[in-house]
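Peer 1: Structure incoming, see below.
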Amino acid sequence: MKYAITAATGHFGQYAVAALNHAVGADNVVVIARNQEKATKLFPNNEVRIGDYDSAPSMTEALHGIDRVLFISSQPGGPVARLDQHQNVIAALQANHVALTVYTSFPHADQAQSALASDHRATEAAIQAAGLKHSFVRNNWYLENEAGFIQALAHQQPAAYWTDQAMGWAAEQDYARAAVKVLTMDDPQPSYELAGPIRTYAQLGQDLASALNITNTATLVTREAYIAGLEQAGFDHDTASLFASFQEPAAVGDLRHASADLMNLLDGDLTPLTTVVTRLVEQK
């Protein structure tokens with residue numbers, strides 16, 4: 001059986017390729033990326049194919065002969081709209097009669113209120129309309145998304161946040177490992193709600209402080225004060241507002257839903273908080 005991972009050179013893709021190579025052997029894993037040189041350096045033991053979400057023919061050629069695909073969602077904001085990119089991938093999956101598509105989606109994408117969910121909701125619907133056998137892995141928040149918060153706390157600076165709603169943080173590599181587990185199952189569920197322990201920023205701050213044996217500097221502020229603080233740190237208003245918007249999915253309650261799916265898929269083997277924190281702090 002031939003497996004492929006799209007958009008493989010990103011952090012999620014790199015974790016997923018490593019996990020899939022371990023599970024089925026690199027000879028059975030095709031890496032699909034836009035940049036062949038980068039992909040070849042990252043994955044010397046895998047077949048690398050060029051596939052660009054901006055081009056349906058490119059993706060159709062890249063997926064030739066592939067049985068199962070981990071379809072990693074693209075990042076918004078490019079010259080081609082994300083939903084159009086995803087439609088190109090879906091057309092390629094359909095043209096190649098791919099037997100199973102695992103798509104990285106948004107928590108409860110069919111019900112979520114956040115604007116970030118809309119492309120995922122539409123992509124899920126398009127995959128279903130195309131008649132593709134699928135499993136949606138609906139990822140909650142990555143701990144790595146909180147690098148600034150974690151580094152500020154680690155250096156005993158004010159670690160600001162503006163929403164008091166809870167989230168299901170877990171390490172990005174855990175979400176990738178879970179997606180690979182689903183990809184290699186005989187008969188996976190149509191969807192999985194993947195989340196780590198549900199906690200607020202205040203609770204995360206306390207857990208981080210305990211892990212690092214330091215004082216908890218996590219501080220709830222207004223959204224306006226959060227943006228002003230980023231501006232004082234040197235960011236322009238638009239960039240500061242963009243960073244503030246990253247907490248919006250939590251603020252509207254989309255990320256507060258508990259689920260055991262991630263724990264069950266990984267047999268309880270979640271990456272310890274201290275491991276992620278240490279890695280992020282060392283990156284500073």
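The values are calculated or read from the model by the stated rules, or taken from the named source; none is laboratory data. None of these values were measured; they are calculated from a predicted model. Note that each Cβ is placed from the backbone with ideal geometry, even for glycine, and that neighbours are counted across all protein chains shown. Just the protein is used for accessible areas: all its heavy atoms, side chains included, with ligands, DNA and RNA removed. Shrake-Rupley method; radii C 1.70, N 1.55, O 1.52, S 1.80 Å.
Peer 1: What is the one condition in (1) assigned to a loop (DSSP other than H, G, I, E, B); (2) buried (at least 19 other Cβ atoms within 10 Å of the Cβ) that GLN113 does not satisfy?
Peer 2: (2) is the only condition that GLN113 fails.
Peer 1: From the list ALA16, ALA7, exactly one residue is in contact (Cβ under 8 Å) with a residue 24 or more places away in the chain, on the phi > 0 side of the Ramachandran plot and crowded, with 17+ Cβ neighbours inside 10 Å. Which is it?
Peer 2: Working: ALA16 fails: on the phi > 0 side of the Ramachandran plot.
The unique qualifying residue is ALA7.
Peer 1: Here's a follow-up. Which ones in region 52-66 are within 20 Å of THR9 (Cβ to Cβ) and in contact (Cβ under 8 Å) with a residue 60 or more places away in the chain?
Peer 2: Selection gives ILE66 alone.
Peer 1: Restricting the search to region 204-244, which residues are open to solvent by less than 70 Å² (accessible area, probe 1.4 Å), hydroxyl-bearing (Ser, Thr, Tyr) and closer than 25 Å to LEU273 by Cβ?
Peer 2: Of everything in region 204-244, those that are open to solvent by less than 70 Å² (accessible area, probe 1.4 Å), hydroxyl-bearing (Ser, Thr, Tyr) and closer than 25 Å to LEU273 by Cβ turn out to be THR217, THR219, TYR226.
Peer 1: Could I ask something else about it? Filter region 51-93 down to the residues that are open to solvent by 40 Å² or more (accessible area, probe 1.4 Å) and farther than 19 Å from ASP119 by Cβ and list them by number.
Peer 2: PRO57, THR60, GLU61, HIS64, GLY65, ASP67
Peer 1: Scan region 122-163 for residues that are open to solvent by less than 20 Å² (accessible area, probe 1.4 Å), within 24 Å of SER241 (Cα to Cα) and of a type in the set (Asp, Glu) and jot them down.
Peer 2: GLU146
Peer 1: Based on what the data block shows, is LEU183 at pLDDT 95 or above and in contact with a Leu (Cβ under 6 Å, 6 or more places away or on another chain)?
Peer 2: Numbers: at pLDDT 95 or above: yes; in contact with a Leu (Cβ under 6 Å, 6 or more places away or on another chain): yes.
For LEU183, the condition - at pLDDT 95 or above and in contact with a Leu (Cβ under 6 Å, 6 or more places away or on another chain) - is met.
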